[in-house]
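This report concerns only the one structure given below.
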Amino acid sequence: MATKTPLPKQPKNSSQQRFLIAVSIVLAAGLLVAGYALFTSPIGVTMITGLNWLFSANSTQLWWYVTRSAGVVAYLLLWFSTAWGLAIPSKFISPILSQEFSFDFHEFISLLTIGFVLLHVSVLMIDRYLPYSIWQVLVPFLSTYRPIWVGLGVISFYLIVLVTITFYMRNRIGMKAFRSIHWLSFVAYLGVTLHGIYGGTDSPLVAMQLLYRGTALVVIFLTVYWLVQKLQKKMSSGGTASAQVKPKQYKYSKNVSLRR
């Protein structure tokens, strides 16, 4: 019978893992506070003046380019994470990489995606070309610029965060719930793709159209391939189970006479 490939178990020392996560959060918060203190100090003002002189950082369009670049990188990372997640059960990378590394790398790509999305939306709040408020960034459909497609991107971001959090909650919620929630990654990828196509200012470019269509075709191919594999396994397991059922055998006594 076909068996499901088990996911790698989490480390037994969960308290140590929680401690490392807490330390990472504290360090990240400390870096943010230190960065804010540095840039508001006289030294920081001098540094900002030098950056403006070197790179024209006070240009109106500069931060718009930064947020668009971060958005494109975040989309590519999300696509790569989705494709990688489909390649794991399809056994594309099993001969090359171990299963444990594949899942850890999948988790790392998801975290990296969230980082670039945060950069994408944070720059929008300091951009002077098309500034956003904190509520327009956090609450869907409040944007004055293409509210439907921007709101769809906000919802997709929340789904990405939800799916990523479940990596650390597998033992608590169970594998069945983990797999069910993980299906939302497809919804998030579709939402981000629509957000980029209809909400991005650079989507009319030929390069961006090729990017969206090419990546979508890869995801569709991997999805169909995975579904066909799953159907074949289900059919083969059903055939094996039916073959194992032996027909009932009847024993006849030699003393029984057969009548014509």
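Listed by first and then second residue, the pairs linking a residue in the range 80-109 that is over 18 Å from Arg170 (Cβ atoms) to a residue that is in a loop (DSSP other than H, G, I, E, B) and of a type in the set (Val, Ile, Thr), with Cβ atoms under 7 Å apart and 6 or more places separating them unless they lie on different chains, are Ala87/Ile93. If the condition is being more than 17 Å from the chain's Cα centre (by Cα) and either acidic (Asp, Glu) or farther than 25 Å from Val66 by Cβ (or both), then the range 178-216 contributes Asp202, Arg213. Pick from the range 58-89 the residues that are surrounded by 17 or more Cβ atoms within 10 Å (Cβ to Cβ) and of a type in the set (Ser, Thr, Tyr): which of them is farthest from Leu184 (Cα to Cα)? So the residue we want is Thr67.
Consider the range 201-234 and keep the residues that are in a helix (DSSP H, G or I) and among the polar types (S, T, N, Q). The one that is surrounded by the most Cβ atoms within 10 Å (Cβ to Cβ) is Thr215. Return yes or no: is Val121 touching a residue at least 24 places away in the same chain (Cβ under 8 Å) and more than 14 Å from the chain's Cα centre (by Cα)? Yes; evaluated as a whole, the condition is true for this residue.
Scanning the range 185-200 for residues that are within 14 Å of Leu152 (Cβ to Cβ) and surrounded by fewer than 18 Cβ atoms within 10 Å (Cβ to Cβ) turns up Val187, Leu190, Leu194, Ile197, Tyr198. Residues that are of a type in the set (Phe, Trp, Tyr) and part of a helix (DSSP H, G or I) within the range 135-173 comprise Trp135, Trp149, Phe157, Tyr158, Phe167, Tyr168, listed in sequence order. Looking across the range 140-163, the residues that are surrounded by fewer than 19 Cβ atoms within 10 Å (Cβ to Cβ) and not aliphatic (A, V, I, L, M) come down to Pro140, Phe141, Thr144, Tyr145, Arg146, Pro147, Tyr158.
Computed from the coordinates by the stated procedures, all read-outs in this text should not be read as laboratory data. This structure is a prediction, so every number in the text was calculated from the model and none was measured. Reconstructed Cβ throughout: ideal geometry from the backbone, glycine too, with neighbour counts over all protein chains shown.
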